[in-house]
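Structure first, then comments.
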Amino acid sequence: MIKCWRKAWGKEFPFLFVQLANFMETKPEPVDDAWAELREAQLMTLSLPKTGMAVAIDIGEANDIHPKNKQDVGLRLALAAMKVAYRRNLVHSGPIYRSMKVEGNKIRLWFDSVGSGLVAKGDGVLKGFAIAGEDRKFVWAEARIEGNTVVVWSEKVPKPVAVRYGWSCNPVCNLYNAEGLPASPFRTDDWPGITFGKK
């Protein structure tokens, strides 16, 4: 759609959008989720030039697909516009997953848009991370911030290969940067899901 509109107007204009907010019931265990996959598709759109995304994973409502909190959505879109359209030098996004490395029985994650540093909002305990081994069965994981990285592990997964964060329609997750912007949900694996087929 973005490519089509830009071609029709003959201009590579900035394009800003809002990632799906949290909605519906919170799942007690890690699961495959169509809403998480759609959020991933939105995240992938940032690979196009002059695009910006406002993450809304923390301001949704379980019983209303249209969150009442429009102010934070607007503020986050405004930050994206300042960066993408007006080229201001500012932190316009929360943490965006970049890469991972297996370190023994743990996985270390690196991020872009860490701003002044990573933080666990609330009680300081990171929530929303799940980890899996080669069997592709995800379990809730422990996680801690180390500098500008996050280390994830679980005693149930001695040989981890993949991590997911906020991978649900209405996840409980709390990774932010110090500027108060939430991390986008993500996964490190490329395993088939609900909307793109199972193997």
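Scan region 47-62 for residues that are modelled with pLDDT of 95 or more and open to solvent by 40 Å² or more (accessible area, probe 1.4 Å) and jot them down. Answer for region 47-62, where residues must be modelled with pLDDT of 95 or more and open to solvent by 40 Å² or more (accessible area, probe 1.4 Å): SER47, LEU48, PRO49, LYS50, ASP58. Filtering region 25-46 to residues that are touching a Gly at 6+ places or on another chain (Cβ under 9 Å) and either small (Gly, Ala, Ser) or open to solvent by 30 Å² or more (accessible area, probe 1.4 Å) (or both) leaves ASP32, ALA34, ALA36, GLU40, LEU46. Any residue that is of a type in the set (Lys, Arg), open to solvent by less than 70 Å² (accessible area, probe 1.4 Å), assigned to a strand (DSSP E or B) and touching a residue at least 24 places away in the same chain (Cβ under 8 Å) - is there at least one of those in region 71-94? So far as region 71-94 goes, no, none of its residues is of a type in the set (Lys, Arg), open to solvent by less than 70 Å² (accessible area, probe 1.4 Å), assigned to a strand (DSSP E or B) and touching a residue at least 24 places away in the same chain (Cβ under 8 Å).
Contact map, region 145-157: first residue free of Cβ contacts under 8 Å to residues at least 60 places away in the same chain and on the phi > 0 side of the Ramachandran plot, second residue of a type outside the set (Lys, Arg) and buried (at least 16 other Cβ atoms within 10 Å of the Cβ), Cβ cut-off under 6 Å, separation 6 or more or different chains; the map is empty.
Taking MET44 as the residue in question, decide whether it is among the aliphatic types (A, V, I, L, M), assigned to a helix (DSSP H, G or I) and modelled with pLDDT of 95 or more.
yes
Number of residues in region 1-44 that are among the polar types (S, T, N, Q) and in contact with a helix residue (DSSP H, G or I) (Cβ under 7 Å, 6 or more places away or on another chain) equals 1.
Among the residues examined, ASN105 does not qualify as open to solvent by 10 Å² or more (accessible area, probe 1.4 Å) and closer than 16 Å to VAL31 by Cβ.
Among what's in region 122-164 and is part of a strand (DSSP E or B) and among the charged types (D, E, K, R), pick the residue that is least open to solvent (accessible area, probe 1.4 Å). Explain how you work it out, then say what you get.
Of all residues in region 122-164, those part of a strand (DSSP E or B) come to 129-132, 139-140, 142-146, 149-153, 162-164.
Filter once more, so that each one left must be among the charged types (D, E, K, R): 142, 144, 146, 164.
Details: GLU142: 100, ARG144: 98, GLU146: 61, ARG164: 14 Å².
Checking each candidate, the answer is ARG164.
Screening GLY197, GLY166 for residues that are modelled with pLDDT under 95 and of a type outside the set (S, T, N, Q) leaves exactly one candidate, GLY197. Just one residue in the set PHE15, PHE111 is among the hydrophobic types (A, V, I, L, M, F, W, C), surrounded by 14 or more Cβ atoms within 10 Å (Cβ to Cβ), closer than 19 Å to VAL152 by Cβ and in contact with a Leu (Cβ under 8 Å, 6 or more places away or on another chain); that residue is PHE111. Can you tell me which residue within region 177-193, out of those that are more than 18 Å from ARG164 (Cα to Cα) and among the hydrophobic types (A, V, I, L, M, F, W, C), is least open to solvent (accessible area, probe 1.4 Å)? For region 177-193, the residue satisfying everything is LEU181.
The values are calculated or read from the model by the stated rules, or taken from the named source; none is laboratory data. Being a predicted model, the structure only gives us computed values, none of them experimental. Cβ coordinates were reconstructed from backbone atoms using ideal geometry, including for glycine residues, and neighbour counts include every protein chain displayed. Accessible surface areas use protein heavy atoms only, side chains included; no ligands, DNA or RNA. Shrake-Rupley method; radii C 1.70, N 1.55, O 1.52, S 1.80 Å.
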